[in-house]
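Enquirer: Take this structure first; my questions come after.
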Amino acid sequence: MRTCGIEIKGSEAIICLMVLKDGLFELPDCRQNRFALTKDQDQEQMRHFQFTFAKFIEDYKVSQLVIKERPQKGKFAGGAVGFKIEAALQLIAGCQCTVISATAIKEKLKRAPLPIDFKDTGLKVFQETAFTAAYASLLK
């Protein structure tokens, strides 16, 4: 199953592709590590963002999106643009989309710690949250 872990920060969706095959995790090469929404979030820009992401899903044969949940209230609450991005991703046809909480990620990592250090993955530092979201979602 090819999974795309997503962390939404500001007006960007930071991604990490991960595949679970025969009990092994793989990180396939990917042409992009983030998708940005322009400051002007009119209908045309939202459709462009959604189309671009849907094309990415199609090209890489992604079967599941996993978005790390953001708080709706409080100090670390997500902004309006982030929730627009989340809605646009959830409405992409033909791809399952789930939202995973930080608590669920921590619990799964406690039961099955990462088999390698994140620094050894070759991913960018800012992709770590998307990576852990994808990893946690693929654990049974």
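Values in this text are rule-based calculations from the coordinates and carry no lab data. The model shown is predicted, which means the values in this text are computed figures rather than measured ones. Neighbour counts run over all protein chains shown; Cβ positions are idealised from the backbone, glycine included.
Enquirer: Near GLN127, within a Cβ-to-Cβ distance under 10 Å, what is the net charge of the other residues, with Lys and Arg +1 and Asp and Glu -1?
Expert: After counting each charged neighbour, the total is 0.
Enquirer: LYS39: net charge of surrounding residues, Cβ under 14 Å, Lys/Arg +1, Asp/Glu -1, itself excluded? Working shown, then result.
Expert: Working: positive: LYS84; negative: GLU12, ASP40, ASP42, GLU44.
Local net charge: -3.
Enquirer: Another question, if that's okay. Starting from the Cα-Cα distance between LYS110 and HIS48, subtract it from 0.36 nm times their residue separation and give me the gain in nm to one decimal.
Expert: Values: separation 62, 0.36 × 62 = 22.32 nm, distance 3.86 nm.
Separation in residues times 0.36 nm, less the Cα-Cα distance, equals 18.5 nm.
Enquirer: Separation of the range 89-140 and the range 11-41 by C-alpha centroid, Å?
Expert: Distance between centres, Cα-based: 11 Å.
Enquirer: Between GLN32 and CYS97, how high is the FRET efficiency from 1/(1 + (r/R0)^6) when r is the Cβ-Cβ distance and R₀ = 25 Å? Nearest 0.05.
Expert: 0.85
Enquirer: State the antiparallel share, in %, of DSSP beta bridges confined to the chain, rounding to the nearest 5.
Expert: 60 percent
Enquirer: Once you have the alpha carbon radius of gyration of the chain, what is it after dividing by 2.2 N^0.38 Å, with N set to its residue count?
Expert: 1.01
Enquirer: Same structure again: Going by alpha carbons, how many degrees (0 to 90, nearest 10) lie between the helix axis of 80-90 and the longest principal axis of the chain?
Expert: Approximately 70 degrees, to the nearest ten.
Enquirer: From the helices alone, meaning DSSP H stretches of at least four residues, give me the mean residue ellipticity at 222 nm for the chain, per-run term -39500 (n - 2.57), in deg cm²/dmol to the nearest 500.
Expert: Result for the chain, helices only: -11000 deg cm²/dmol.
Enquirer: Search the structure for amide H atoms under 5 Å from the amide H of LYS9, placed 1.01 Å from N in the peptide plane, and list their residues when 5 or more places away or on another chain.
Expert: Those lying under 5 Å, H to H, from LYS9 are ILE14.
Enquirer: So, one more: Run the dipole for the chain about the Cα centre, Lys and Arg Cβ at +1, Asp and Glu Cβ at -1, nothing else charged, and hand back the magnitude in debye, nearest 20.
Expert: The calculation lands at about 400 debye.
Enquirer: I've got another one for you. Would you list, by chain and number, the aspartates and glutamates whose Cα falls below 13 Å from the Cα of LYS140, excluding same-chain residues fewer than 8 positions away?
Expert: Counting by Cα, and skipping residues close in sequence, LYS140 has these aspartates and glutamates nearby: GLU107.
Enquirer: Further question: Between GLN127, GLN32, GLN96, where does the largest GNM mean-square fluctuation fall for the chain, given springs only between Cα atoms within less than 10 Å?
Expert: Between GLN127, GLN32, GLN96, it is GLN32 that shows the largest mean-square fluctuation.
Enquirer: If we count every other residue with Cβ under 14 angstrom of ALA112's Cβ, Lys/Arg +1 and Asp/Glu -1, where does the sum land?
Expert: The answer is +4.
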